[in-house]
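Peer 1: Structure provided below as structure tokens; questions to follow.
The values are calculated or read from the model by the stated rules, or taken from the named source; none is laboratory data. From a predicted model like this one, the values you see are computed outputs, not experimental measurements. Virtual Cβ from ideal backbone geometry, glycine too; neighbours counted across all protein chains shown.
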Amino acid sequence: LLGWCDSPKKGLLLVYELVPQGSLDKHIHDNPRLLTWSERYKIILGLGSALRYLHLDWEQCVVHGDIKPNNIMLDSSYNTKLGDFGLARLVDHGSDPKTTALLQGTMGYVDPDFLNTSRRSTQSDVYSFGIVLLEIVSGRKPVSRQDPSSFVLPKWVWSLYSQGATADAADPRLRPCAAAEERQMERALVVGLWCAHRDPAERPSVAQAMHALQSEDASLPALPADMYNVEAAPPGFAVADSGGFVSSSSNGGVRSPATATRTFSSE
């Protein structure tokens with residue numbers, strides 16, 4: 001934030017620095033110029049550092065609530081800027097997450113546990129961070145927009161992981177690559193799966209995830225063989241209209257208050 005002004009005609013205006021490279025989503029999916037692995041790795045570490053600051057390093061904990069490539073901006077040097085705090089919540093460090101009656105998020109990135117409990121926590125952000133990690137490394141979107149049940153990115157990466165072929169999930173456009181880069185890609189994929197674990201208690205903190213990403217000596221967990229043997233898409237997801245919004249058409253086993261409002265964007 002660079003500044004602000006209060007105009008009688010236009011109201012409150014906030015002035016932010018210009019991020020000329022735009023959103024990460026554009027660079028992964030809609031840019032003829034391929035992001036190199038070193039650029040992707042820099043973006044991953046920048047996003048993790050921003051999230052660690054929000055969760056741990058400020059006087060209160062900030063839960064972002066909508067981490068996705070569209071909200072990750074890049075400056076001229078491809079430094080990461082995490083934006084769009086419209087769903088963010090402030091909580092005291094160490095306090096339990098509070099239930100919300102408004103369930104919002106983006107299809108493919110929203111934590112399934114948040115849908116079941118109506119409680120948004122730092123682990124919800126860690127889940128989304130894990131999905132973005134998988135997307136950056138693989139170059140693939142987390143779900144198919146036309147048929148969300150036809151392809152689920154973490155489930156696909158996990159299937160390769162369970163076969164001992166995790167590195168095969170990396171964007172094929174990055175091949176051939178040096179052995180050190182391949183090890184980084186594979187480690188990032190495993191950390192992404194770890195963060196996107198279906199059980200929030202098994203997910204790392206953002207600090208643990210960053211340590212695992214930055215240190216080859218850091219041990220990685222052995223993920224369970226049945227982690228994605230259950231349906232990966234949250235129950236009740238259905239495309240509501242052509243405008244890109246999805247919502248729960250029925251409870252479908254989701255434990256949420258009867259008054260909860262669900263609004264999910266596919267963008």
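Peer 1: Would you check which residues across the stretch 114-134 are modelled with pLDDT under 95, β-branched (Val, Ile, Thr) and under 17 Å from Trp194 (Cα atoms) and list them?
Peer 2: Selection gives Thr122 alone.
Peer 1: Out of the stretch 17-32, which residues are farther than 16 Å from Ser77 by Cα and loosely packed, with under 12 Cβ neighbours inside 10 Å?
Peer 2: Scanning the stretch 17-32 gives Asp30, Pro32.
Peer 1: Now for a different question. Restricting to the stretch 37-78, count the residues that are surrounded by fewer than 17 Cβ atoms within 10 Å (Cβ to Cβ), at pLDDT below 95 and under 29 Å from Ala178 (Cα atoms).
Peer 2: Residues in the stretch 37-78 being surrounded by fewer than 17 Cβ atoms within 10 Å (Cβ to Cβ), at pLDDT below 95 and under 29 Å from Ala178 (Cα atoms): 3 in total.
Peer 1: Still on this structure, I have one more. Among the residues of the stretch 176-213, how many are surrounded by 16 or more Cβ atoms within 10 Å (Cβ to Cβ), in contact (Cβ under 8 Å) with a residue 24 or more places away in the chain and in a helix (DSSP H, G or I)?
Peer 2: 18
Peer 1: Go through the stretch 141-197 residue by residue and tally those that are basic (Lys, Arg) and either over 22 Å from Leu34 (Cα atoms) or touching a Pro at 6+ places or on another chain (Cβ under 6 Å) (or both).
Peer 2: Residues that pass the stated criteria total 2.
Peer 1: Could I ask something else about it? When both residues are 6+ apart or on different chains and their Cβ atoms are under 7 Å apart, which pairs have a first residue that lies in the stretch 154-175 and is farther than 20 Å from Asp199 by Cβ, and a second that is part of a loop (DSSP other than H, G, I, E, B)?
Peer 2: Pairs that qualify, where the first residue is farther than 20 Å from Asp199 by Cβ and the partner is part of a loop (DSSP other than H, G, I, E, B), are Asp171/Gly139; Arg173/Leu34; Arg173/Gly139.
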